[in-house]
Amino acid sequence: ERGFGEPTEAQRLAWPAIHNGENVLVIAPTGSGKTLSAFLAAIDGIIARKARAAGGKHGCKRPRKGVRVLYISPLKALGVDVAKNLETPLNGIREEYARMGLTVPEVSIAMRSGDSTPQERRAIVSRPPDILVTTPESLYLMLTSKARTVLDTVQTVILTTWLKAQLVIHTVLPAEIR
C-alpha cells in the first residue's frame, strides 16, 4: 500500500489555506495530522521550487541558500522525533518519483539544539538545510548571531500546540495575569 491513506479532517481543512499562503492555526486532537499537514505542504513547495530551478522553467533562478521551513519545538526530544519522522513522507515521495521514472530534488533536514556540536552548528550555516528543527532557546541564539542570515529565506514557520498556547498567553494576556 502506498501513501498515508486519506487526509484527515485537519489536513483537508488546512491545505487550501496553506496553499493560498494564508497564516493557519490548526487546532485538533493529538494524532490528527496537524503537523504533517504543514510539513507536507511545505515539502511540496520546496520540491516544486527546486524542480523548476533544475529545469530552468519560467526563467527560474537557482533558489537562494537558506532554511525554507522552521519548526520550533519546546522540547529537544520532540524535535528529534519530528525530524526523524519526516523521513517517512520523504521516502514515500522518493518512491513515488522513482515509480514515475523521475528524480526527486533532495530535501535536507537539520536539528539544532543546545546539544548541537560546533561542527553541526557550522554546517547549518555553511550548508543550510531546507528544514530546520530547533528549540526556542537555540532559535534565540541563532537570531542573535551571524547564523541568523540562514533564516532570511524562511517561508514557513511551524509551531507545536504547546508553543502556540504560550504565544497566545504572552501576546494576548496582560503581564499581571500571566
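The values are calculated or read from the model by the stated rules, or taken from the named source; none is laboratory data. These numbers come from a predicted model, not from an experiment. Backbone-built Cβ (ideal geometry, glycine too); neighbour counts: all protein chains shown. When the accessible area is computed, the model is the full protein with side chains, heavy atoms only, and any ligands, DNA or RNA have been set aside. Shrake-Rupley method; radii C 1.70, N 1.55, O 1.52, S 1.80 Å.
Quick one: in segment 126-146, which of the residues that are open to solvent by 60 Å² or more (accessible area, probe 1.4 Å) and of a type outside the set (D, E, K, R) is farthest from Leu86 (Cα to Cα)?
It comes out as Thr144.
Of the residues making up segment 79-101, just one is touching a residue at least 40 places away in the same chain (Cβ under 8 Å), open to solvent by 30 Å² or more (accessible area, probe 1.4 Å) and in contact with a helix residue (DSSP H, G or I) (Cβ under 9 Å, 6 or more places away or on another chain), namely Ile93. Taking the stated definitions as given, is Lys57 at pLDDT below 80, under 23 Å from Val125 (Cα atoms) and touching a helix residue (DSSP H, G or I) at 6+ places or on another chain (Cβ under 9 Å)? Criteria not met by Lys57. Restricting attention to segment 147-158 and to residues that are open to solvent by 60 Å² or more (accessible area, probe 1.4 Å) and in contact (Cβ under 8 Å) with a residue 40 or more places away in the chain, the residue that is farthest from Phe39 (Cα to Cα) turns out to be Thr149. For segment 39-54, indicate whether the set of residues that are surrounded by fewer than 11 Cβ atoms within 10 Å (Cβ to Cβ), over 14 Å from the mean Cα position of the chain (by Cα) and over 26 Å from Glu22 (Cβ atoms) is non-empty. Taking every residue of segment 39-54 in turn, none turns out to be surrounded by fewer than 11 Cβ atoms within 10 Å (Cβ to Cβ), over 14 Å from the mean Cα position of the chain (by Cα) and over 26 Å from Glu22 (Cβ atoms).
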